[in-house]
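*Asks:* Here you go, one structure.
The values are calculated or read from the model by the stated rules, or taken from the named source; none is laboratory data. Since the model is a prediction, treat every value here as computed from it, not as a measurement. Heads up, the Cβs are rebuilt from the backbone with ideal geometry, glycines too, and the neighbour counts pull from every protein chain shown. Ligands, DNA and RNA are excluded from the accessible area calculation, which covers all protein heavy atoms including side chains. Shrake-Rupley method; radii C 1.70, N 1.55, O 1.52, S 1.80 Å.
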Amino acid sequence: MQAKKRYFILLSAGSCLALLFYFGGLQFRASRSRREEHSGRNGLHHPSPDHFWPRFPDALRPFVPWDQLENEDSIVHISPRQKRDANSSIYKGKKCRMESCFDFTLCKKNGFKVYVYPQQKGEKIAESYQNILAAIEGSRFYTSDPSQACLFVLSLDTLDRDQLSPQYVHNLRSKVQSLHLWNNGRNHLIFNLYSGTWPDYTEDVGFDIGQAMLAKASISTENFRPNFDVSIPLFSKDHPRTGGERGFLKFNTIPPLRKYMLVFKGKRYLTGIGSDTRNALYHVHNGEDVLLLTTCKHGKDWQKHKDSRCDRDNTEYEKYDYREMLHNATFCLVPRGRRLGSFRFLEALQAACVPVMLSNGWELPFSEVINWNQAAVIGDERLLLQIPSTIRSIHQDKILALRQQTQFLWEAYFSSVEKIVLTTLEVMSSRFLPYDNIVTDAVLSLDEDTVLSTTEVDFAFTVWQSFPERIVGYPARSHFWDNSKERWGYTSKWTNDYSMVLTGAAIYHKYYHYLYTHYLPASLKNMVDQLANCEDILMNFLVSAVTKLPPIKVTQKKQYKETMMGQTSRASRWADPDHFAQRQSCMNTFASWFGYMPLIHSQMRLDPVLFKDQVSILRKKYRDIERL
């Protein structure tokens, strides 16, 4: 009898375990397939061997004991059902994509035009949102006629949706629903910097956005809708509306190391979201070349929650000037704050300090068009202690390339509110344009009277593959400062020194076509068009401003110069003094707009002789060019 009981108990336990494994396996496979589907939609791939950090699909959720809330007076008890309802209300259109929630007919009819609702009486708008609206209204996309519009932007201030903020707009739900063009948010774009509030800081903007798109800071990969939303950077109210300071990388020094290897200075959250990582920074701080400084002095009741480390941390924090640290550091730590984004991100980019990202699950700004692995180190909050050894192992050439990319990104996309807004609109508008006719990265630019052999083109392309960020080509020119006239001069004399490679016979990356078209002001391009001259100088200005590097001249056949300047339709133009006067005028106009002279002198020439080896001349790859 006892044996039968034991057998029955074992059989029941085995059955329960089998059921658990079966249903647990189904759940695991379902969740894994959902993650894989999500990764596929976001264009994520398995990490390549050269990635510094492993990729984890989910951000860790910090554990906060119930008795360690930040402010006992503001305790908010939220039930699981309330949290679920709040999260589901964030994006009722979470499955929205361009093909399902956007009306393309409006764009096909009139092109990509953006309409801003007129400001309503009595509605206050924060300065930051006023700057955003002004940037839209000053752009080439703007239309004052809603019937011509493809995209609509609210005049109601949606930037700060933290209920505890003085900038919070009340009753936004009813105000939005009353707009006669709202149409459940279809073809609308909503800008947002802050969402959610203590203690959860969810991404809820406080009203049903329907089928609207979001241009949002601190957006998570989980809630980001690829090719529909746009991730924008968190910027302060003091961020310049237009212009903006240039990046702080003045010289491409080798080695590119600075006084400090890694720095951070900011708040230490004692409890709540964002506290885990910042509370652990002292483990990495060494007081020498790694300075990770935090202070407990923030909030009205910080002393009520201070711990045993606060006094020591506060004292250490006051010893260092943040700006001095920023400008003298190779890497800058960018840990998450209460939300995923941080002001430290843009500060690091401008200072040419390579950002080390510690914000699991953050969809980085303009990820649709920017490869952040070329400008930042993507870390993981769970691997904090590995950061020093990881960044110390990065080669100096890689560090220099990362720093140069920070400067390009800062000046092209982030240095002003206007650039952030225009980049957002450019990302939106590019979704309605056909693919570029140019499908290769390299562009071979030739004037109609240029004579190059296929061997010369092949050699230039081989060189360009090693320097894809620069203009590589044959005819070189130079600039100089004319003291007598107190202006920049232009010369075509053949010397050892040059600062431009003309696009009459050159190879460069196709991305510079995009920058030339969309980044440069219409006034400069109009000048080029009216003179039918100077476009090659302007392209050299642009590329040197972006890269902080000179172009690269390659050696050509001796007869190349004679052919280029021979009896062609343009021969008289090269000898025409007006031609050089125009080019000098262009150069000074360009320098005035850029605010400095971006062209850089160089004496480097790459010659096929470098390819010589101990083999027969018949086996040499560039033997025709070598016969000078």
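*Asks:* Whole angstrom only: what separates the Cα centroid of region 285-300 from the Cα centroid of region 203-256?
*Replies:* 26
*Asks:* Measuring from label point to label point, each 7 Å out along Cα→Cβ, what is the K121 to R382 span in nm?
*Replies:* It works out to 5.8 nm between the two label points.
*Asks:* What ranking do 458-464, 578-584, 538-544 get when scored by the average of other Cβ atoms within 10 Å per residue, highest first? Display every interim value, and only then the final one.
*Replies:* Working: 458-464: 19.7, 578-584: 15.6, 538-544: 23.3.
Top of the packing list down: 538-544, 458-464, 578-584.
*Asks:* Next question, about the same structure. Give K398/K525; K175/K525; K95/K175; K237/K398; K175/K267 a once-over and call out the pairs whose C-alpha atoms are over 32 Å from each other.
*Replies:* From K398/K525; K175/K525; K95/K175; K237/K398; K175/K267, over 32 Å: K398/K525; K175/K525; K237/K398; K175/K267.
*Asks:* While we're on this one: In Å², what does the accessible area per residue of region 421-558 work out to with a 1.4 Å probe? Kindly include the intermediate steps, with their values, before the conclusion.
*Replies:* Details: 6140 Å² over 138 residues.
That works out to 45 Å² for each residue.
*Asks:* Provide the per-residue ³J(HN,Hα) series for region 123-138, in order, calculated from phi with Karplus coefficients 6.51, -1.76, 1.60 and θ = phi - 60°, each as a whole number of Hz, with x at glycine and proline positions.
*Replies:* These are the phi-based 3J(HN,Hα) values: 8, 7, 10, 5, 4, 4, 6, 4, 5, 5, 5, 5, 5, 5, 5, x Hz.
*Asks:* What part of the accessible area of region 216-295, given as a whole %, is carbon or sulfur when the probe is 1.4 angstrom?
*Replies:* Working: 1590 of 3180 Å².
Of all accessible area on region 216-295, carbon and sulfur atoms account for 50 percent.
*Asks:* What is the packing order of peptides 229-238, 502-511, 596-605, taking the mean over residues of other C-beta atoms within 10 Å and listing the highest first?
*Replies:* Values: 229-238: 19.0, 502-511: 21.5, 596-605: 14.8.
Per-residue Cβ counts within 10 Å, averaged per peptide and sorted highest first, yield 502-511, 229-238, 596-605.
*Asks:* Highest mean first, what order results for 322-329, 547-554 on Cβ atoms within 10 Å? Display every interim value, and only then the final one.
*Replies:* Working: 322-329: 16.6, 547-554: 21.9.
In decreasing order of mean packing, 322-329, 547-554 become 547-554, 322-329.
*Asks:* Rounded to whole Hz and in sequence order, give me ³J(HN,Hα) for region 165-177 from the Karplus expression 6.51 cos²θ - 1.76 cosθ + 1.60, θ = phi - 60°, writing x for Gly and Pro.
*Replies:* 8, x, 8, 5, 8, 7, 6, 5, 4, 5, 5, 5, 5
*Asks:* Tell me, what % of the accessible area of region 306-421 is carbon and sulfur with a 1.4 angstrom probe? Mind showing how you got there, number by number?
*Replies:* On the way: 1870 of 4070 Å².
In region 306-421, the share of accessible area belonging to carbon and sulfur is 46 percent.
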